[in-house]
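As structure tokens, the structure follows; a few thoughts come after it.
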Amino acid sequence: MRKYVILSLLVIMALASFLRLWEIKTIPPGFSYDESMYANNAVEAWETGPPAGGFKMFYAENNGREGLWINMLAPVLSFFGENEPRVSRTFAAIFGILTVFGLYFLTKTLFNSERIALLSSFFMATSFWHINFSRIGFRAILVPFFLVWSFYFLWKTLAEKINFSSRAFIYKNIKDPTSNPKEEKSIFPPLVFTIISGLLFGLGFHTYISFRVAPLLLIIPFILMWRNKQKKLIFVFLFFAFIIALPIGLYFLQNPQDFLGRSSQISIFAGQSPTLALGFNIVKTVGMFFVWGDSNWRHNLSGAPELWWPTAILFLIGIIAGLNNIAKNSKHEARNTKQYQNSNIENSKQFRIWDFKNWNLFRISNFGFRILFLFSWLVVLLIPAVISSEGLPHALRSIGVIPAAMILAAIGLEWIIVKVLNWHQKKLEKFPEHSRQLMRIKKQLTALLFIFLAAIAVNSFNQYFFRWAKNPRVADAFDENYVQLGKYLNSLPQDLPKYIIMNCDRNMFCDNPDQPPVIMFITKTYIPDWRAKNNIFYINPSQMNPFIDEANRRKHVVITMLDVDHALRAYLKEKIPNLNIISSQDFGVISLYK
């Protein structure tokens, strides 16, 4: 690896780390329902252990969640011993940073181009889409992580057999200006890469429901492995992936109701016109890259496209350039069918998409197969969003496409760079007497490229930390008021009885009034025994009479409500003598003190 590549990669990783870790203590504000449920389950798993139900393969609460994220988070929360959102979010940020790092190696392995690899990592490092989910303690951030690293090792297996080139046209006399012909083979045999890839791919099934479509991405790599006499490695990969995925597979066999869970309720197939719904969903999902993105403030700057418009244009150019390359190679091969049929097929470095005995209907280059792999990645990982009927476009369910989108954007910019370099080279050859001026133009264009990349980074910083994070709707979406309520309760004397009335009209707590997970995490009262220890009690509105009797027997109590309810407050003051208002906190909840 050349020095400038190492330096560039270090700068990109520093940028990725900064955008994912800076102000992680306070941004995002609050701690959402889902995040707190993960954290509570992790705390419970560590405290109870497997015999008592901890460290589960699948957590059925909260519409069901695969257990890997929770089980990994448990020792982290225990080690730091803090009931602070930043611990879970820093853990997520680490996986986000490692995904940016892994994307460099995946792209480098796919195209043997340092520039495309660096650009891919840069686009992911500065992607609001990926930055946002890297800073949320949610299991879905593991999907791009395991996709990137598992496919890196799988394509590394192929790279040991095939000489990949970043342009890889079928015309051998075209020099690839961005590939590294001196790239050395790895000291590890392909078998090692295959085993690691299978293990990582199997772990992916323990992350998030959208990973379940990932096996469709194996078709193209397996075709190349089959053609290159690596058939045994295919079975090695499948064996190790199967072994790792087997535990959760057995769980779903024993608990089939948890396999789809809430997905079956929001599926387009549960509606009256699934075909029509599918068409609308495809339009909305494709449109999220360019026109209108996710409207959920937890997932996005509400309504903003998932790609900033310059990146979206490069993404589109990358798609067009890839399709154009495949079409050109296919057309060239079609013109030479007879010549090809008379050649030694086994020694050919081109591969057929389909082959029935001696049929040679359609052939594409190695590069074309890799572009097809990216296209399949883009299509397959959008399926979970497209077949759902809730909240489209949906950035969370589409999280798996981020790496492919960033690589295609990098290919788009690479296409422009190569065009400019070719133009510059032709001008030098045609006007050698103006070489000095032309070299100055080249330096200016290079500076313009860096200014463009810097503008992308600045825009991402501004969009996330100012336009999004400072919007009051974000604090509301992440239940900031309940985090503040929890901190307020923590500030009170431990021996003082504290009652939280679960009156709610506007959030998910209403669906399960016995478990307000945000407050339970902040106050460390998710486990029932801890509630008595901390003197914090959760009161269902249907249990008001027993609660009032108990409060009247206490000398001092503090009563809070999830939402301000003046009628309920007046009722409590009537039923509990000497009850006074002691504070009106910023989180909008009035506390009553006796």
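The values are calculated or read from the model by the stated rules, or taken from the named source; none is laboratory data. Just so it is clear, the structure is predicted and the values come from calculations on it, not from any experiment. Cβ: placed from backbone, ideal geometry, glycine included. Neighbour counts: every protein chain shown.
Going by what's in this entry, would A457 be described as surrounded by 19 or more Cβ atoms within 10 Å (Cβ to Cβ), in contact (Cβ under 8 Å) with a residue 24 or more places away in the chain, on the phi < 0 side of the Ramachandran plot and out of contact with any Pro (no Cβ under 6 Å at 6 or more places or on another chain)? Spell out how you get there, then give the answer.
Working: surrounded by 19 or more Cβ atoms within 10 Å (Cβ to Cβ): no; in contact (Cβ under 8 Å) with a residue 24 or more places away in the chain: yes; on the phi < 0 side of the Ramachandran plot: yes; out of contact with any Pro (no Cβ under 6 Å at 6 or more places or on another chain): yes.
Judged against the criteria, A457 is not a match.
Determine, yes or no, whether G49 is in contact with an Asp or Glu (Cβ under 8 Å, 6 or more places away or on another chain), at pLDDT below 95 and surrounded by fewer than 22 Cβ atoms within 10 Å (Cβ to Cβ). Don't jump to the end; show me each part of the working.
Working: in contact with an Asp or Glu (Cβ under 8 Å, 6 or more places away or on another chain): no; at pLDDT below 95: yes; surrounded by fewer than 22 Cβ atoms within 10 Å (Cβ to Cβ): yes.
No.
Sort out which residues of the range 252-280 are farther than 25 Å from Y59 by Cα and either part of a loop (DSSP other than H, G, I, E, B) or touching an Asp or Glu at 6+ places or on another chain (Cβ under 6 Å) (or both), and write them in order of number.
G271, Q272, S273
When the residues of the range 281-311 are narrowed to those that are more than 18 Å from the chain's Cα centre (by Cα) and without any contact (Cβ under 8 Å) to a residue 60 or more places away in the chain, which ends up nearest to S134 (Cα to Cα)?
G303
Among the residues of the range 244-300, what is the count of those that are closer than 30 Å to T194 by Cβ and in contact with a strand residue (DSSP E or B) (Cβ under 6 Å, 6 or more places away or on another chain)? Working first, answer last.
First pass over the range 244-300, keeping only residues closer than 30 Å to T194 by Cβ: 244-253, 259.
Checking which are in contact with a strand residue (DSSP E or B) (Cβ under 6 Å, 6 or more places away or on another chain) leaves us with 251.
Of the residues in that region, 1 qualify.
In this structure, does S127 turn out to be in the same structural domain as I234 (by TED's automatic domain parsing) and closer than 20 Å to Y464 by Cα?
Answer is yes for this residue.
What are the pairs with Cβ atoms under 7 angstrom where one residue, in the range 73-97, is under 28 Å from V11 (Cα atoms) and the other, located anywhere, is assigned to a helix (DSSP H, G or I) and small (G, A, S)? Sequence gap at least six, or different chains.
Cβ pairs passing all conditions: S88/A39; A92/S134; A93/S134; G96/S134; I97/A16; I97/S17.
If Q543 satisfies every condition in (1) in a helix (DSSP H, G or I); (2) modelled with pLDDT of 85 or more but one, which is the exception?
(2)
In the range 76-87, which residues are at pLDDT below 95 and surrounded by fewer than 19 Cβ atoms within 10 Å (Cβ to Cβ)?
S78, F79, F80, G81, E82, E84
A quick yes/no check of all residues on (1) at positive phi; (2) over 28 Å from the mean Cα position of the chain (by Cα); (3) of a type in the set (F, W, Y); (4) assigned to a helix (DSSP H, G or I):
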| position | (1), (2), (3), (4) |
| --- | --- |
| A395 | no, no, no, no |
| A404 | no, no, no, yes |
| A410 | no, no, no, yes |
| V418 | no, yes, no, yes |
| L421 | no, yes, no, yes |
| L428 | no, yes, no, yes |
| E433 | no, yes, no, yes |
| R473 | no, no, no, yes |
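Could you check A60 against (1) over 21 Å from the mean Cα position of the chain (by Cα); (2) small (G, A, S); (3) within 25 Å of Y152 (Cα to Cα) and say which number it fails?
Going through the list (1) over 21 Å from the mean Cα position of the chain (by Cα); (2) small (G, A, S); (3) within 25 Å of Y152 (Cα to Cα), A60 breaks only (3).
Please specify each residue of the range 12-26 satisfying the condition of being surrounded by fewer than 17 Cβ atoms within 10 Å (Cβ to Cβ), over 18 Å from the mean Cα position of the chain (by Cα) and either not assigned by TED's automatic domain parsing to the domain that holds F123 or not basic (K, R) (or both).
Within the range 12-26, A14, W22, E23, T26 qualify.
Hey, can you tell me all the residues within the range 295-328 that are of a type in the set (S, T, N, Q), within 18 Å of A125 (Cα to Cα) and outside any loop (DSSP other than H, G, I, E, B)? It would help to see each step written out before you state the result.
Taking the range 295-328 first, the residues of a type in the set (S, T, N, Q) are 295-296, 300, 302, 311, 324-325.
Still in the list and also within 18 Å of A125 (Cα to Cα): 300, 311.
If the condition is that a residue be of a type in the set (S, T, N, Q), within 18 Å of A125 (Cα to Cα) and outside any loop (DSSP other than H, G, I, E, B), then T311 is the only one that fits.
Scan the range 532-543 residue by residue and report those that are of a type in the set (A, V, I, L, M) and buried (at least 16 other Cβ atoms within 10 Å of the Cβ). I'd like the intermediate steps shown before the answer.
So the first thing to find is which residues in the range 532-543 are of a type in the set (A, V, I, L, M), and the list is 532, 536, 539.
Within the range 532-543, I536, I539 qualify.
Considering each residue of the range 118-163, count those that are under 28 Å from L301 (Cα atoms) and not in a helix (DSSP H, G or I), and give that number.
6
Could you please let me know if A405 is of a type outside the set (V, I, T) and farther than 29 Å from S210 by Cβ? Show your work before the answer.
Working: of a type outside the set (V, I, T): yes; farther than 29 Å from S210 by Cβ: no.
No; evaluated as a whole, the condition is false for this residue.
Using beta carbons and a limit of 8 Å, which pairs, at least six apart or on different chains, have the first residue in the range 235-256 and more than 18 Å from L217 (Cβ to Cβ) and the second one of a type in the set (A, V, I, L, M) and outside any helix (DSSP H, G or I)?
Short answer, once both residue conditions are applied: P247/M57; I248/M57; Y251/M57; N255/A60.
Name the residue that is modelled with the highest pLDDT, counting only residues in the range 555-564 that are assigned to a loop (DSSP other than H, G, I, E, B) and closer than 16 Å to Y538 by Cβ. Give the steps one after another, and end with the answer.
Initially, the range 555-564 is screened for residues assigned to a loop (DSSP other than H, G, I, E, B), giving 555-557, 562-564.
Within this subset, residues satisfying the condition of being closer than 16 Å to Y538 by Cβ are 557, 562-563.
Values: V557: 89, L562: 84, D563: 80.
The selected residue is V557.
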